[in-house]
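See below for the structure under consideration.
The values are calculated or read from the model by the stated rules, or taken from the named source; none is laboratory data. Nothing here was measured: the structure is a model prediction, and the numbers come from that model. Cβ placement follows ideal geometry from the backbone for every residue including glycine, while neighbour counts extend to all protein chains displayed. Heavy atoms of the whole protein, side chains included, go into the accessibility calculation; ligands, DNA and RNA do not. Shrake-Rupley method; radii C 1.70, N 1.55, O 1.52, S 1.80 Å.
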Amino acid sequence: MNLPLTDMDKHHYTKKKRMVGVGVVERISWNQYFMAQSHLLALRSTCTRLTVGATIVRDKRIIAGGYNGSIADGDHCIDKGCYVIDNHCVRTIHAEMNALLQCAKFGVPTSEAEIYVTHFPCLQCCKAIIQAGIKTVYYAMDYKNHPYAIELFEQANVKVEKVELKETVIDFGKITQ
């Protein structure tokens, strides 16, 4: 038997769940939302060795995003190949650095912000994140986690948390108005 929903029931139901296509979908957490944004940004990556995305967030608002790729209007790994020195591609700028530089370019403060990254930050990005005043690093996958980067994050009181992205499939053909 279906009983009519009160206004309070309707509010609670629509706050936690929503109709997408045919089924009811649980609302994703903030961590999953921002990590998904980073994975989406990684799809713009132009380095063939690793695709990485980064999203900088302050007060639950996205303030910048970045992916690993070449300088603006520069040669890209997908076009010219990777330029490798000492086992590192030097043609690209890392996703975290691109996001931080976007904030610098447009005068957006990063103090007390959080960063969501698809992979654990390298040592150079770790130092830039600390200097930018970012207080929390969320990452989805381990990748050459440098012991000194971990030590620096601890010294700077930067919280580091692994947040694996839960697979979500969105069938845009089933989404209705």
> Can you tell which of Leu3, Leu50 is within 27 Å of Met141 (Cα to Cα) and modelled with pLDDT under 95?
Replying inline: Leu50
> Among the residues of the stretch 147-177, how many are modelled with pLDDT of 95 or more, outside any helix (DSSP H, G or I) and open to solvent by 80 Å² or more (accessible area, probe 1.4 Å)?
Replying inline: 3
>> Please go through the stretch 57-84 and give me each residue that is outside any loop (DSSP other than H, G, I, E, B) and either under 21 Å from the mean Cα position of the chain (by Cα) or surrounded by 14 or more Cβ atoms within 10 Å (Cβ to Cβ) (or both), ordered by number.
In response: Val57, Arg58, Arg61, Ile62, Ile63, Ala64, Gly65, Gly66, Tyr67, Gly69, Cys77
>> With the structure loaded, tell me whether Ala128 is under 16 Å from Gly66 (Cβ atoms), touching a residue at least 12 places away in the same chain (Cβ under 8 Å) and either of a type in the set (A, V, I, L, M) or surrounded by 16 or more Cβ atoms within 10 Å (Cβ to Cβ) (or both) or whether it fails that test.
In response: yes
> Mind checking whether some residue in the stretch 103-112 is surrounded by 19 or more Cβ atoms within 10 Å (Cβ to Cβ), free of Cβ contacts under 8 Å to residues at least 60 places away in the same chain, farther than 15 Å from Leu41 by Cα and among the aliphatic types (A, V, I, L, M)?
Replying inline: no
>> Asn87 - would you say it is without any contact (Cβ under 8 Å) to a residue 12 or more places away in the chain and open to solvent by 20 Å² or more (accessible area, probe 1.4 Å)?
In response: yes
